[in-house]
Amino acid sequence: MPMSRDQLYAMTRSLIAHGQAKTMELADEVVRVPASAYTDPELYAQEKERIFKRLPLMLALSCELRAPGAFKAMEVAGVPVLLTRQADGSIGAFLNMCTHRGNPLAQGSGSANRFMCGYHGWTFRNDGELLGVASPGDFGAIDKAAHCLKRFPVLERAGLIWVTLDPGSKLAIADFLCGYDAMLEHFGFADWHLFDSRQLDGPNWKTTYDGYLDFYHLPVLHANTFGSDFFNRANFFGWGPHQRLSSPSIKAQKTGSTETVDLSAMDEADWPIDALLQGVWTIFPHISIASFYGGGGRGALISQLLPGATVGESVTTQFYVMEHKPTDDAVRQGARDQFDFLKIVVAEEDYATGRRQQQALQSGLMDTVLFGRNERGGQVFHQWVAKLMAANDEELLSIFAAEKVAEAAE
């Protein structure tokens with residue numbers, strides 16, 4: 001059995017034990033975070049540079065770029081990015097700027113083996129190679145090999161695609177993941193189907209992300225959607241800055257049903273994979289993965305959070321993925337209903353509350369916000385933000401080298 005599978009079983013045993021004892025893991029103390037962490041525009045500018053432009057980001061799902069020629073263009077923290085599935089099946093990540101004058105080559109998503117700049121007609125292959133300069137005799141001689149698209153480091157693992165927006169980064173993406181990718185492999189996302197996606201506007205990225213790390217609010221804020229008797233406790237499991245949150249309980253939802261099963265009464269060999277994966281899996285600094293069953297089978301809402309134009313803004317892309325592509329109208333409608341329900345939960349409850357909170361914090365009349373002992377996920381997140389913001393590039397390498405050693409020791 002792979003070590004990562006052993007970890008899933010160990011975590012599930014821990015959750016069951018706490019569920020039976022009606023306890024949860026608590027942080028050592030209540031933690032205070034400066035309110036300015038959410039409102040300071042200078043700090044926000046530094047976060048975009050030192051977090052979003054320096055660390056690997058999960059920018060796409062493999063199922064978005066399934067076939068050779070598939071591409072996706074997007075803007076991330078002000079950087080235009082082009083992702084392509086190359087002829088050999090590998091993923092390329094490039095600066096989406098023509099090397100002539102910087103005009104973006106592609107928009108949206110689609111399929112193309114080459115890209116022609118819409119400004120002067122320079123043409124690039126989807127592996128970044130400059131193929132042709134328009135009117136080369138008039139333009140003058142240049143070394144085409146020296147004017148290919150600028151490449152970003154990229155890694156495809158567990159059906160997800162990570163990119164570092166620093167072409168010269170020395171931080172290996174695999175080291176940054178701290179073994180978390182082996183855990184995410186158990187979802188099987190590489191073979192899943194992308195049902196739909198949409199974008200939602202939200203408040204400051206940390207205000208927004210706090211909500212994904214917080215079960216404490218669930219029965220209060222979501223009383224009209226999830227219900228006032230919904231759980232509000234979460235235990236936390238960490239791989240470097242990446243975290244899984246799951247409620248301590250003996251029960252798990254039965255696949256494709258509103259029923260639950262008692263894991264404590266089952267042989268471990270019979271625990272279904274979705275019971276081993278229940279909860280919320282977060283990928284630092286901006287991804288949340290939560291399992292759902294719309295359409296009668298395994299599904300997941302993958303939320304990709306990116307900073308917005310100002311300190312008080314962010315943009316989230318929600319992807320609803322399904323283990324199996326719907327084959328009939330009833331399954332499609334079930335998936336649609338689930339995705340529509342989640343829009344109400346996130347947009348009208350979570351993000352609407354976050355915007356009100358953001359506006360209030362920007363008054364400047366509150367010095368600190370609190371994270372209780374039962375909010376360990378938020379505490380750990382803010383500790384990692386502070387730690388990585390303070391680290392220079394060499395220290396960044398040391399931090400994840402130490403995490404790699406710790407992971408190997410376990």
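The values are calculated or read from the model by the stated rules, or taken from the named source; none is laboratory data. Values in this document were obtained by computation on a predicted structure and should not be read as measured data. So basically every Cβ, Gly included, is an ideal-geometry build from the backbone, and we count neighbours across all protein chains shown. Side chains are part of the model used for accessible areas, which takes the heavy atoms of the whole protein and leaves out ligands, DNA and RNA. Shrake-Rupley method; radii C 1.70, N 1.55, O 1.52, S 1.80 Å.
Think of the chain as having a plus end and a minus end, set by charges on the Cβ of Lys, Arg, Asp and Glu; of M74, G279, L396, M74 sits farthest toward the positive end of this dipole.
Calculate, for the chain, the solvent-accessible area per residue in square angstrom, rolling a 1.4 angstrom probe over the heavy atoms of the protein chains.
45
Dividing the summed -39500 (n - 2.57) terms of all DSSP H runs of n ≥ 4 by the residue count of the chain sets its mean residue ellipticity at 222 nm at -8000 deg cm²/dmol. When the convex hull of its Cα atoms is viewed from all sides, the chain shows a mean projected area of 22.2 nm². Residues in the range 24-38 carry Karplus couplings, in order, of 8, 7, 10, 5, 5, 7, 6, 10, 9, 10, x, 4, 5, 4, 9 Hz; the curve used is 6.51 cos²θ - 1.76 cosθ + 1.60 with θ = phi - 60°, and Gly or Pro positions show x. Taken about its Cα centre, the range 89-244 carries a charge dipole of about 320 debye when Lys and Arg each add +1 at the Cβ and Asp and Glu each add -1 at the Cβ.
About the Cα centre of the chain, how large is the charge dipole given +1 on each Lys and Arg Cβ and -1 on each Asp and Glu Cβ? Please answer in debye to the nearest 20.
660
Apply 1/(1 + (r/R0)^6) to the Cβ-Cβ distance of N392 and T23, taking R0 = 41 Å, and write down the FRET efficiency to the nearest 0.05. The pair N392/T23 has a calculated efficiency of 0.50. Accessible area per residue (1.4 Å probe, heavy atoms of protein chains only) ranks S291, S109, S363 as S109, S363, S291, with the largest value leading. Simple spin-label estimate for K144 and D88 gives 2.0 nm between the two label positions (7 Å along the Cα-to-Cβ direction from each Cα).
Amide H contacts under 5 Å for N103: C98, restricted to partners 5 or more places along the chain or on a different chain, H placed in the peptide plane at 1.01 Å from N. Note on the chain: GNM, Cα springs under 10 Å; of D191, D166, D367, the largest mean-square fluctuation is that of D367. K387 contributes an accessible area of around 90 Å² to the protein surface, as traced by a 1.4 Å probe with all chains present.
The accessible area of R125, taken with all protein chains in place and a 1.4 Å probe, comes to roughly 90 Å².
Taking K325 as the anchor, which aspartates and glutamates have their alpha carbon closer than 15 Å to its alpha carbon, excluding any fewer than eight residues away along the same chain? Counting by Cα, and skipping residues close in sequence, K325 has these aspartates and glutamates nearby: E64, D191, D196. For K150, a cut-off of 23 angstrom between C-alpha atoms picks up these lysines, skipping any fewer than 8 places away in its own chain: K48, K53, K72, K170. How far apart, in nm, are the 7 Å Cα→Cβ label points at E348 and A112? Once both label points are built, they end up 3.9 nm from each other.
Note on N232 and A45: the model spin-label points, each 7 Å out from Cα along the C-beta direction, lie 4.1 nm apart.
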